[in-house]
Amino acid sequence: MSLSAVNLAANSATSVTTVVTEEAWIEDHANDANAAAAVASSALKRLFDVVLSAFALMFFLPVLLVAAVAIKLDSAGPVLFRQRRTGLNGQVFWIFKLRTMRVQEDGADIKHAAKNDDRITRVGGLLRKTSVDELPQLFNVLKGDMSMIGPRPHALSHDQRYEALVSGYGDRFRARPGLTGLAQVEGHRGEIHTIGCMEKRVASDNAYIERWSIGLDIAILLRTVPLVLRDPNAY
């Protein structure tokens, strides 16, 4: 075989490999796009959210009532805390929580909660440790503002700050925010010490959106249960 024939065969093989690689890349990213669209529009996911949040509200109602009384006895102020957050496709909604702090911030400069934060009340510290303060968000899930599983929503001022600093931050809004999420079960919950902390959280959020399935939601939910009892990043 001549040298030119050998080169031609090698070039042909390289071309075929390149085409196959490109097709695999396109197929992989098409699957990601399909999953990202499905996480926002799936009727099965919405049914899962409604049934589970309704059941959870009935189950945890006594806990919510006891917590409400404890909050009123512990410090002055309302039982519920409301704050604006960014939801699906960038739509702003009001999130509900049990009040755990002496302040009720919803402005242009909101400080992240930190360990030994002096804004947190005595009862609030316990509620945050056990994540009981998040239970009113079950109403957000029923309303359709949130999902049981998805990227955790941040305060509007934090969204504005990190969207300018973290690549892919705005892609988190392709899904409804969640009561829990992949980032939380992977250990990316809690105080943001560096931009790297937020980058890891955003990477997990986008990985969830692009690989979504109802099976993944169930797996994340099961991994969340032990964290409710013991999570070093909850404070």
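Spin-label pair MET58-SER213: with each label point 7 Å from Cα along the Cα-Cβ axis, the two points sit 3.1 nm from one another. Protection proxy ranking of 173-179, 151-157, by the mean of other Cβ atoms within 10 Å over each peptide's residues and highest first, is 173-179, 151-157. Shape of the stretch 151-235 from its Cα gyration tensor (a ≥ b ≥ c, root eigenvalues): rounded if a/c is under 1.5, otherwise prolate when a/b > b/c, or oblate? Verdict is oblate for the stretch 151-235.
For the stretch 46-104, rounded, prolate or oblate, judged on the Cα gyration tensor with a ≥ b ≥ c (square roots of eigenvalues), a/c < 1.5 rounded, else prolate if a/b > b/c? It comes out oblate by the Cα gyration axes. Would you please classify the overall shape of the stretch 42-229 from the alpha carbon gyration tensor, given that a ≥ b ≥ c denote the square roots of the eigenvalues, rounded means a/c under 1.5, and beyond that prolate means a/b larger than b/c while oblate covers the rest? It is oblate, given that a/c is not under 1.5 and a/b is not larger than b/c.
Laboratory data are not the source of any read-out in this text; all were calculated from the coordinates shown. In this text the structure is predicted, and so the values were computed from the model without any measurement. Don't worry about glycine lacking a Cβ; one is built from the backbone with ideal geometry, like all the others, and counts go over all protein chains shown.
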